[in-house]
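Just below is one structure, and these are the notes that go with it.
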């Protein structure tokens, strides 16, 4: 259940652009854990989801997102990745089953018990979000028709 809630929170926050600074008094546990876990991180910005605190930061020239619970436990680490870094079986499935789509978002989520990927694909008619439960197969997370405006 924790993984499902975190996955939903990640989708909402990664596919959005709003960042809010949260007073440290509200997330002292998360801030203390973050400073311990990511000593060399820079450009840290904090925001809050329904159940988690999120730190957006730079580490090794990559933007990453760390999610902490109220006790200050790291529950997930998110970073955008390139399609070429996906396991070959996932790359092949995208090429075969979604050849008419382009990738608009792709990120990797590292949990304590494994890694999941989320990819957003678009074509002229629809937007699809796929997810994995590991490294072997994509599953449809959501599918929406694109808005068609009359010209």
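Summary table
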| quantity | calculated |
| --- | --- |
| Whole-number percent relative contact order across region 83-145, with pairs defined as alpha carbons under 8 Å at least 6 apart | 27 percent |
| Length added when fully stretched, residue 60-residue 139, from 0.36 nm per residue minus Cα-Cα | 25.4 nm |
| Relative contact order (percent, whole number), region 47-151, Cα cutoff 8 Å, 6+ residue spacing | 16 percent |
| Semi-axis lengths, Å, region 83-145, gyration tensor of Cα atoms, sqrt of 5 times eigenvalues | 20, 13, 9 |
| Protection proxy ranking, peptides 49-57, 118-126, average beta carbon neighbours within 10 Å, highest first | 49-57, 118-126 |
| Contour excess over end-to-end distance, with Cα ends at residue 110 and residue 48 and 0.36 nm allotted per residue | 20.4 nm |
| Estimated inter-spin distance, residue 39 and residue 91, nm [label 7 Å along Cα→Cβ] | 3.5 nm |
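Readers should treat all values here as calculations from the given coordinates under stated rules, not as data from a laboratory. These numbers were taken from a predicted model, which means no experiment stands behind them. For neighbour counting, all protein chains shown are included, and Cβ atoms are generated from backbone atoms with ideal geometry for every residue, glycine included.
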